[in-house]
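**Student:** Have a look at this one.
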Amino acid sequence: MKKSALISFGFIFLFCTSGTFLSGQTARIKFDTDRIIGEVDKNLYGNFVEHLGRCVYGGIYDPGSPLSDANGFRKDVLEAVKGLNVSLIRYPGGNFVSNYHWLDGVGPKNERVPRMELAWARLETNEFGTNEFIKYCRAVGSEPYLSVNMGTGTIEEAQRWVEYCNVKDGPYYAELRKKHGFPDPYNVKYWSLGNEMDGEWQMGHLNAEDYSKKALEAAKLMRLTSPDLRLIATGSSNYGPAANPDHWNRTIITNLKNVVDYIALHMYVGNPDNNYYNFLSTPLVMEQRTRIVRGMIDEAMQKADRGNRPPMYIAWDEYNVWYRARTTETMQGTRALEEKYNLEDALVIAGFLNGFIRNADIVKMANMAQLVNVIAPVFAEEKGMFRQTIYFPLELFAKNMHGKSLDLLVDCPSYNTEEFYLGLGESKAKLSNVPYLDVSATYNNGEVVICVVNRHKDNAIKTDIICQSGEFADVLRISEINAADVKAANDFGVENVKTVQKPDLKTRGNTVTYSFPAHSLTMLRGKIKL
Ligand code: AHR
């Protein structure tokens, strides 16, 4: 066959892979405000602060800085964090928590002892601990979410932390909190039973059977102390060649089916081979994993005895792009994990968020890892801060995507990936029929919000957006994240990638046509007349 024939055959094939879509056609997104997947939980917009690198010290907390307030919180960082509408913040780790003893971080600062921190090879001064963290959450309007040490810690230590935080008065640790100057209990609702206990890198790593036994007993003591806790069990984070994540998840779900509220899954992706199309498809693997775990939960819930508690949900407890700052040198010390992000990373984050919305009936929590400096949307130095590219999709979703997630029909061209590694320590993937348009939508207070990533690197995609349960009332407001180059990044004083308001789109009837620019995220928002 001649080369030109091969190329045109490839072109036709590419544009036929989504089934009905043929070259030259207009893509279609159809929605119906009655066709609902589930309620979008505000906790999809959670985040994570770990004692790692400059996330806490030199990130959110920098008492010596002229940019900080009386609590030592960096004011510029705090304002940027507020802009993300962070619903809850997970703390203090991460791998760190598996060698953390919470008592080290409370009480008079001059009596707190420094410790060798083994997870990230640093000295932990313990200057910042539970009370400072809760104060930070209150300052940014987020709910605290604490993670207990299931590695080197005991179930008794976990129980005592709950007592310190949540019991009003009487027992020793409640009184200790009061003595430390905090008369009112914090009523911390969300607690995770350890971190990544499936990873051999974790201090005190356990096998699935031993972890579930320890987690079950910890849960018992913690709930006897504070009955209304929402508990999150460690699900799979280890997808390395020797791992068996399905065995781990099935064991945890089966053994903890009566007790825990969420199973936590972790996933980091990257683009080490510089293959844009492979990279842009990676959030779909998160959705594959969601489907597998959903099936396990469904099966276990048939036999569960949960009283009035709703079924177990999935928490995507850590997710992000992380591959550049992942060498031995860049994973240690005060400058660990300082990843700088570009436009394609922001589009991948939008893909994750679209995936969470599309699975809103089972994914009820997601925490971007992490908040500041360490693989983070906010980057700070002594002189100031800037918003990384990934800040902007997170902000758009957190501010706009609420209410009911809609079940869409998306008809558009698609592509196939090569076989590729998802990231360091990860498994391989090969995906077929990856739609160029990645879409989710919500319906709330009479307004529809549609988020569209056009994964095509070079072409805009003209699309009819069709409302099947009414008409567009007026105009659609359009926000866009894009740049000329997919490698465009931000820096101090340079915002190459950010959200831009485009002219409103006038609507009439039930169909509007919009051309989604190449390699972009577009959000359309407007009222529907039913
Ligand atoms: O977020 C960085 C690290 O990634 C966390 O400490 C750990 O839980 C995960 O492996």
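The values are calculated or read from the model by the stated rules, or taken from the named source; none is laboratory data. None of these values were measured; they are calculated from a predicted model. Every residue, glycine among them, receives a Cβ derived from its backbone with ideal geometry; neighbour counts consider all protein chains shown. The area values use the complete protein model at the heavy-atom level, side chains included, leaving out ligands, DNA and RNA. Shrake-Rupley method; radii C 1.70, N 1.55, O 1.52, S 1.80 Å.
**Student:** If you average the alpha carbon positions of the range 93-155 and of the range 394-422, how far apart do those two centres end up, in angstrom?
**Tutor:** 35
**Student:** Under the 0.36 nm per residue contour assumption, what length would be gained going from the current alpha-carbon distance of Leu176 and Thr327 to full extension?
**Tutor:** Length gained between Leu176 and Thr327: 50.2 nm.
**Student:** Something else now. Can you give me the relative contact order of the range 409-529 as a percent, contacts being Cα pairs under 8 Å and 6 or more apart?
**Tutor:** It rounds to 31 percent for the range 409-529.
**Student:** Once Lys and Arg get +1 and Asp and Glu get -1 on their Cβ, which of Asn110, Val97, Gly46 lies farthest toward the positive end of the dipole of the chain?
**Tutor:** Farthest towards the positive pole: Gly46.
**Student:** Binning at 10 Å from 0, report for the range 173-249 what percent of all alpha-carbon pair distances ends up in each bin.
**Tutor:** Bin by bin from 0 Å, the calculated values are 17, 37, 27, 15, 4.
**Student:** Can I ask one more? Evaluate the distance, in nm, between pseudo-label points positioned 7 Å from the Cα of Asp361 and of Val494 along their respective Cα→Cβ axes.
**Tutor:** Calculated label separation equals 4.7 nm.
**Student:** Which distance in nm do the two modelled labels at Glu200 and Lys527 give, with both placed 7 Å along the Cα-to-Cβ direction?
**Tutor:** For Glu200 paired with Lys527, the spin-label model returns 6.1 nm.
**Student:** Residues of the chain: accessible area per residue at 1.4 Å, in Å²?
**Tutor:** Value for the chain: 39 Å² per residue.
**Student:** For the range 361-457, what is the charge dipole size about the Cα centre, in debye to the nearest 20, if Lys and Arg each add +1 at the Cβ and Asp and Glu each add -1 at the Cβ?
**Tutor:** Computed charge dipole of the range 361-457: roughly 100 debye.
**Student:** Here's something else I'd like to know. How much space per residue, in cubic angstrom, does the convex hull of the C-alpha atoms of the range 409-529 take up?
**Tutor:** So the per-residue Cα hull volume is 152 Å³.
**Student:** Related question: In a Debye calculation with equal point scatterers on the alpha-carbon sites of the range 203-247 and no solvent, what is log10 I(q)/I(0) at q = 0.23, 0.31, 0.34 Å⁻¹?
**Tutor:** Result of the Debye calculation: -0.88, -1.17, -1.26.
**Student:** What's the magnitude of the charge dipole for the chain around its Cα centre, counting Lys and Arg as +1 and Asp and Glu as -1 at the beta-carbon? Answer in Debye, nearest 20.
**Tutor:** Dipole magnitude for the chain comes out near 940 debye.
**Student:** Okay, next question. Could you please state how large a percent of the accessible area of the chain is carbon and sulfur, counting protein chains only and using a 1.4 Å probe?
**Tutor:** Carbon with sulfur: 51 percent of the solvent-accessible area.
**Student:** Around Gly107, under 11 Å between beta carbons, what's the net of Lys plus Arg minus Asp minus Glu among the other residues?
**Tutor:** Value of the local net charge: +2.
**Student:** Which residue, Tyr436, Thr417, Thr499, has the largest displacement toward the positive end of the dipole of the range 409-529 when charges sit on each Cβ (Lys, Arg +1; Asp, Glu -1)?
**Tutor:** It is Thr499.
**Student:** Here's a follow-up. Out of all Cα-Cα pairs in the range 348-393, roughly what percent, to the nearest whole number, are more than 15 Å apart? If you can, show how the numbers build up before the last one.
**Tutor:** Details: 525 of 1035 pairs.
It works out to 51 percent of all Cα pairs.
**Student:** Translational D (Stokes-Einstein, µm²/s) of the range 262-389 at 4 °C and 1.567 mPa s when Rh comes from the Kirkwood sum over C-alpha pairs?
**Tutor:** 80
**Student:** In the chain, what percentage of the DSSP-assigned beta bridges are antiparallel, given to the nearest 5?
**Tutor:** 60
**Student:** For Lys487 and Ser469 in one chain, what is 0.36 nm times their gap in residues minus the Cα-Cα distance, to one decimal in nm?
**Tutor:** So the extension gain works out to 2.5 nm.
**Student:** Separate question: Relative to the Cα centre, what is the charge dipole magnitude of the range 376-530, using +1 at the beta carbon of each Lys and Arg, -1 at the beta carbon of each Asp and Glu, and rounding to the nearest 20 debye?
**Tutor:** That gives the range 376-530 a dipole magnitude of about 400 debye.
**Student:** Can you list the equivalent-ellipsoid semi-axes of the chain, largest first and in whole Å, using the square root of 5 times each Cα gyration tensor eigenvalue?
**Tutor:** So the three semi-axes of the chain are 40, 25, 23 Å.
**Student:** In degrees between 0 and 90, to the nearest 10, how far off the longest principal axis of the chain does helix 391-400 point, with axes built from Cα atoms?
**Tutor:** Approximately 90 degrees, to the nearest 10.
**Student:** If Lys and Arg each add +1 and Asp and Glu each add -1, what is the summed charge of the other residues whose beta carbon sits under 13 Å from the beta carbon of Lys428?
**Tutor:** Local charge sum for Lys428: -3.
**Student:** Taking θ = phi - 60°, what integer Hz values does the Karplus form 6.51 cos²θ - 1.76 cosθ + 1.60 yield along the range 101-115, in sequence order, with x for Gly and Pro?
**Tutor:** After applying 6.51 cos²θ - 1.76 cosθ + 1.60, I find 10, 4, 5, 4, x, 10, x, x, 4, 6, 9, 6, 9, x, 10 Hz.
**Student:** May I ask for the percentage of alpha-carbon pairs in the range 122-211 that lie more than 17 Å from each other?
**Tutor:** Pairs farther apart than 17 Å: 58 percent.
**Student:** I would also like to ask the following. Quick one: length gained pulling Leu67 to Leu123 fully straight, 0.36 nm per residue minus the C-alpha distance? All intermediate terms of the calculation are to be shown ahead of the outcome.
**Tutor:** Numbers: separation 56, 0.36 × 56 = 20.16 nm, distance 2.41 nm.
That pair, Leu67 and Leu123, stretches by 17.7 nm at full extension.
**Student:** Okay, moving on. For Lys42 and Glu111, FRET efficiency with R0 = 30 Å and r from the beta-carbon atoms, rounded to 0.05?
**Tutor:** According to the calculation, E is roughly 0.20.
**Student:** Let me ask you something else. Tally Lys and Arg at +1 and Asp and Glu at -1 over the other residues with C-beta under 13 Å from the C-beta of Gly46: what net charge comes out?
**Tutor:** Net of charged neighbours comes to +1.
**Student:** Further question: Could you work out the relative contact order of the chain, using alpha carbon pairs under 8 angstrom and six or more residues apart, expressed as a whole percent?
**Tutor:** 19
**Student:** With the dipole of the chain worked out from charges on the C-beta (+1 for Lys and Arg, -1 for Asp and Glu) around the Cα centre, which of Asn207, Cys467, Pro227 lies farthest toward the positive end?
**Tutor:** Positive-end residue among those listed: Cys467.
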